[in-house]
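Read-outs: derived from the displayed coordinates by stated rules, not from any lab. All values derive from a computational prediction rather than experimental measurement. Glycine gets a Cβ as well: all are built from the backbone with ideal geometry, and neighbour counts include every protein chain shown.
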Amino acid sequence: MSVAASRYTVTTTAAAAYTAPGEQQVVTVKNPPTASASIYVGGPGVTTAAGYELTPGETVTVTMYASQELHAIIAASTQEIQIIASTDV
């Protein structure tokens, strides 16, 4: 099993917060409880109107496959999120 943790700063421009390497992974994204705003995650082209909303303190877990990207955006300002990925699926 391989586990990797990272942080990503979400901005008002949708961008890839995480890209899965060449193997299946379970990825958890957390908007820290100290966050001041919701962030939105999804595929390429995610928007604040059509993304999966994570309010402060919420997490989402997804299974990702080789080269898939998880994108994120915020309505205003910036916000750091936490990401942890495991290959033990």
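Charges were assigned to the Cβ only: +1 to each Lys and Arg, -1 to each Asp and Glu. The resulting dipole of the chain about its Cα centre is roughly 120 debye.
If you take the square roots of the eigenvalues of the alpha-carbon gyration tensor of segment 34-89 and sort them as a ≥ b ≥ c, do you get rounded (a/c under 1.5), prolate (a/b over b/c) or oblate? Oblate. Result for the chain in a Gaussian network model with C-alpha springs under 10 Å: among ALA66, ALA15, ALA35, the largest mean-square fluctuation is at ALA66. Between ALA75 and VAL60, the contour length at 0.36 nm per residue exceeds the Cα-Cα span by 3.5 nm.
Between GLU58, GLU23, GLU69, the GNM of the chain built on Cα springs shorter than 10 angstrom shows GLU23 fluctuating the most.
Here the Karplus curve 6.51 cos²θ - 1.76 cosθ + 1.60, taken at θ = phi - 60°, turns the phi angles of segment 30-37 into couplings of 10, 8, x, x, 7, 4, 9, 7 Hz, with x standing for Gly and Pro. Look at TYR52, TYR40 and count the other Cβ atoms within 10 Å of each Cβ; fewest to most, that gives TYR52, TYR40.
Each Cα pair under 8 Å and six or more residues apart adds its sequence gap; the mean of these over the residue count of the chain is a relative contact order of 50 percent.
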